[in-house]
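These notes are about the structure you will find just below.
Coordinate-derived values only; no laboratory data. Just so it is clear, the model here is predicted, and its values are computed rather than measured. No Cβ is skipped: glycine too gets one built from the backbone with ideal geometry, and neighbour counts run over all protein chains shown.
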Amino acid sequence: MFAPRDLKNPVLTGHTDAEGKFIFEADRDGFWSAEARNADQIARVVIRVGGESQQRTWNSPFLVIGVLAVLLAIAIWYRLFRARSQRSKP
């Protein structure tokens, strides 16, 4: 396991458990790099630790589409209402 911005010196070494999992505790935020090896293969992965938390916003795609559909319905209704009122005038 390599700490952020230090890919030359491993911070932690060890073995995976029976399920292939490796658990570590990060002491700082950043992009940690992990490397797993066997006799003839190497696997590498980058893990993001910390950073800004994701905030849920009120404007989900469903809400935006719903509001646009309502506005479209109002626009069509208004257009039809105006067309009918103009036809009924002598």
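Summary of computed values
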{"item": "Gained length - Arg5 relative to Ser60, 0.36 nm times residue gap less alpha-carbon distance", "result": "16.2 nm"}
{"item": "Helix-only CD estimate at 222 nm, as mean residue ellipticity for the chain, using -39500 (n - 2.57) per DSSP H run (n ≥ 4)", "result": "-10500 deg cm²/dmol"}
{"item": "Over the chain, equivalent-ellipsoid semi-axes from the Cα gyration tensor in Å", "result": "63, 15, 11"}
{"item": "For region 21-31, Karplus couplings with θ = phi - 60° (6.51, -1.76, 1.60), whole Hz, Gly/Pro x", "result": "9, 9, 10, 9, 10, 8, 9, 7, 6, x, 9"}
{"item": "Residue-span extension gain [Asp29 to Gln41] - 0.36 nm each, minus C-alpha spacing", "result": "1.5 nm"}
{"item": "Loop-exposed chymotrypsin sites (Phe, Trp or Tyr not before Pro) per DSSP, neighbour cap 16 Cβ within 10 angstrom, longest uninterrupted part of the chain", "result": "25-57"}
{"item": "Cα→Cβ-extended label distance, 7 Å offset, between Asp17 and Val70, nm", "result": "4.9 nm"}
